[in-house]
1. Among the residues that make up region 196-217, is at least one of them within 23 Å of the chain's Cα centre (by Cα), modelled with pLDDT of 80 or more, polar (S, T, N, Q) and outside any loop (DSSP other than H, G, I, E, B)?
2. Determine if region 112-132 includes at least one residue that is in contact (Cβ under 8 Å) with a residue 24 or more places away in the chain and out of contact with any strand residue (DSSP E or B) (no Cβ under 7 Å at 6 or more places or on another chain).
3. Which residues, counting only those in region 264-300, are buried (at least 24 other Cβ atoms within 10 Å of the Cβ) and over 14 Å from Val246 (Cα atoms)?
4. Being loosely packed, with under 15 Cβ neighbours inside 10 Å and either of a type in the set (Ser, Thr, Tyr) or within 26 Å of Gly71 (Cα to Cα) (or both) is the filter here, so list the residues in region 111-150 that pass it.
5. When you scan region 223-239, do you find a residue that is closer than 22 Å to Ala91 by Cα and under 18 Å from the mean Cα position of the chain (by Cα), even just one?
6. Taking region 183-195 only, how many residues are outside any loop (DSSP other than H, G, I, E, B) and either touching a Pro at 6+ places or on another chain (Cβ under 7 Å) or at pLDDT 95 or above (or both)?
7. Tell me, yes or no, whether region 91-108 has at least one residue that is out of contact with any Leu (no Cβ under 8 Å at 6 or more places or on another chain), under 30 Å from Arg297 (Cβ atoms) and of a type in the set (S, T, N, Q).
8. Which residues, taken from region 27-51, are outside any helix (DSSP H, G or I) and either at pLDDT 95 or above or under 20 Å from the mean Cα position of the chain (by Cα) (or both)?
Amino acid sequence: MDDVQVTGLPANDFSRGAHAVAEPGRGAPIGSTGVEAVKLAGERILANIEQVLEGKSDTIRLGLAVLLAEGHLLIEDIPGVGKTKFAKALARSIDSSVRRIQFTPDLLPSDITGVSIYNAEARSFEFKPGPVFANIVVGDEINRASPKTQAALLEAMEERQVTNDGITYLLEPPFLVLATQNPIDMEGTYPLPEAQLDRFTARMSMGYPDRNAEIAMLSEHAATDPLESLVPVADAKEIRELIDIVRAVHVAEPIKAYAVDLADATRNSPDIRLGASPRATLQLLRASKAWAALDGRGYVIPDDLQRMSGPVLAHRLLLTAEAHIAGRSADTVLRTIVNSVPIPGAEINGR
């Protein structure tokens, strides 16, 4: 959505009260020191990951925004472009618990969430937590597992808990599922169901590196793997503090209405048979707050929603058969929708 032209309210109209007002029940009022901490931490983590992935700053920043928005990220692209490498680099940049799941057709739900094992000495069952009990869960090639196994992540991703034998176990924050998948038309893959896709805050693609970045990769990565020397530059405690700051980023009422208008436009488009859910609207706003904080702002502007609308909304849309026949994609349809929805504040600018 980078090509969308944005003209709306001046920054001061959206930032009015931003340093003295917080969302009800969502933490203390935010100040310039808070967002500056988010910006500096984001730059530090981004620079660390760029030691592994050159020329992917926008992609890395999107991943950071999803983490700080308390969401989950789905990376879809062809093999060999760095999906798993990015996931590992992000995980290694944060000193926290990390578990990796290699999804395969024979993987069982209990292989993800855990299983109760009978202890003969205690004469009782003991729960053995699965790899989902971690701060960052890297799910490699998630669409190679069966739908039943994929569904094992639903409760964890939405409610940040796992229920086993009637007992609920809470997952420690921060909790991020960072999953990769190959395009669904590749052999041996299962398309993710709509309920699973809706749990992912954003979907993105790595894309091919540009020429200079690929030449640099050949020079720097031929003899050694830079992942091996990557060290953490943040920890779980710091991430939790940054998340609290992001929660308090100010959102003016016109911006909230704009988010709803964007989602509602997808529900009424003749090219879409299933539009964005209310969960999608909420995650769009949360991701926009994180993007604003990474930019050093304590308030959200229309640019943030437009920038995040593609990654957050496109993978949730189901197009009509006519749209498919006409060769339209979800990204194309969404770009048209974003360009057609009035930007808040235009009437104020014209005063």
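1. Yes, region 196-217 contains a residue that is within 23 Å of the chain's Cα centre (by Cα), modelled with pLDDT of 80 or more, polar (S, T, N, Q) and outside any loop (DSSP other than H, G, I, E, B).
2. No, region 112-132 contains no residue that is in contact (Cβ under 8 Å) with a residue 24 or more places away in the chain and out of contact with any strand residue (DSSP E or B) (no Cβ under 7 Å at 6 or more places or on another chain).
3. Answer for region 264-300, where residues must be buried (at least 24 other Cβ atoms within 10 Å of the Cβ) and over 14 Å from Val246 (Cα atoms): Thr266, Ala276.
4. We begin by selecting, within region 111-150, every residue loosely packed, with under 15 Cβ neighbours inside 10 Å; these are 116-126, 128, 147-148.
Within region 111-150, Ser116, Tyr118, Ser124, Lys128, Pro147, Lys148 meet the criteria.
5. Just the residues of region 223-239 that are closer than 22 Å to Ala91 by Cα, to begin with: 224-239.
If we keep only those that are under 18 Å from the mean Cα position of the chain (by Cα) as well, we get 236, 239.
Yes.
6. Keep residues of region 183-195 that are outside any loop (DSSP other than H, G, I, E, B), which gives 194-195.
Those still in the list that are either touching a Pro at 6+ places or on another chain (Cβ under 7 Å) or at pLDDT 95 or above (or both) too: none.
Qualifying residue count, region 183-195: 0.
7. yes
8. Step one: list which residues in region 27-51 are outside any helix (DSSP H, G or I), which gives 27-31, 50-51.
Once the filter is applied, which keeps residues that are outside any helix (DSSP H, G or I) and either at pLDDT 95 or above or under 20 Å from the mean Cα position of the chain (by Cα) (or both), region 27-51 yields only Glu50.
The values are calculated or read from the model by the stated rules, or taken from the named source; none is laboratory data. This structure is a prediction, so every number in the text was calculated from the model and none was measured. All Cβ positions, even for glycine, are placed from backbone atoms using ideal geometry, and neighbour counts span all protein chains on display.
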